[in-house]
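The structure appears right after this line, and notes come after that.
The values are calculated or read from the model by the stated rules, or taken from the named source; none is laboratory data. Nothing here was measured: the structure is a model prediction, and the numbers come from that model. So basically every Cβ, Gly included, is an ideal-geometry build from the backbone, and we count neighbours across all protein chains shown.
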């Protein structure tokens, strides 16, 4: 896959265990810090989206802290997979 196609990938928010499309029109390029290659674009959340993410994180934390590390890594793999898909 070429860098141009990857940089057009739009990665939604992950809130409350679900991918959530943002209402924003503002997006920022997501860059791989090791290679400087573009991975895709992420939405710049508005206040309501940030508050929803904070509330979901606070609700999830009691169970999350008891989750084994090998299970905790799975959402990061999902993000990686989403970034690698063509638009």
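For the condition assigned to a helix (DSSP H, G or I), surrounded by 10 or more Cβ atoms within 10 Å (Cβ to Cβ) and modelled with pLDDT of 90 or more, residue 55 qualifies.
For the stretch 31-41, the count of residues that are on the phi > 0 side of the Ramachandran plot and either part of a helix (DSSP H, G or I) or at pLDDT below 90 (or both) is nonzero. Given the conditions (1) at pLDDT below 90; (2) loosely packed, with under 10 Cβ neighbours inside 10 Å, which single one is not true for residue 9? Against the list (1) at pLDDT below 90; (2) loosely packed, with under 10 Cβ neighbours inside 10 Å, residue 9 comes up short only on (2).
Restricting attention to the stretch 10-27 and to residues that are in a strand (DSSP E or B) and touching a strand residue (DSSP E or B) at 6+ places or on another chain (Cβ under 6 Å), the residue that is nearest to residue 81 (Cα to Cα) turns out to be 10. Mind listing whichever residues of the stretch 17-31 are surrounded by 11 or more Cβ atoms within 10 Å (Cβ to Cβ) and within 14 Å of residue 76 (Cα to Cα)? Residue satisfying the conditions is 19 alone.
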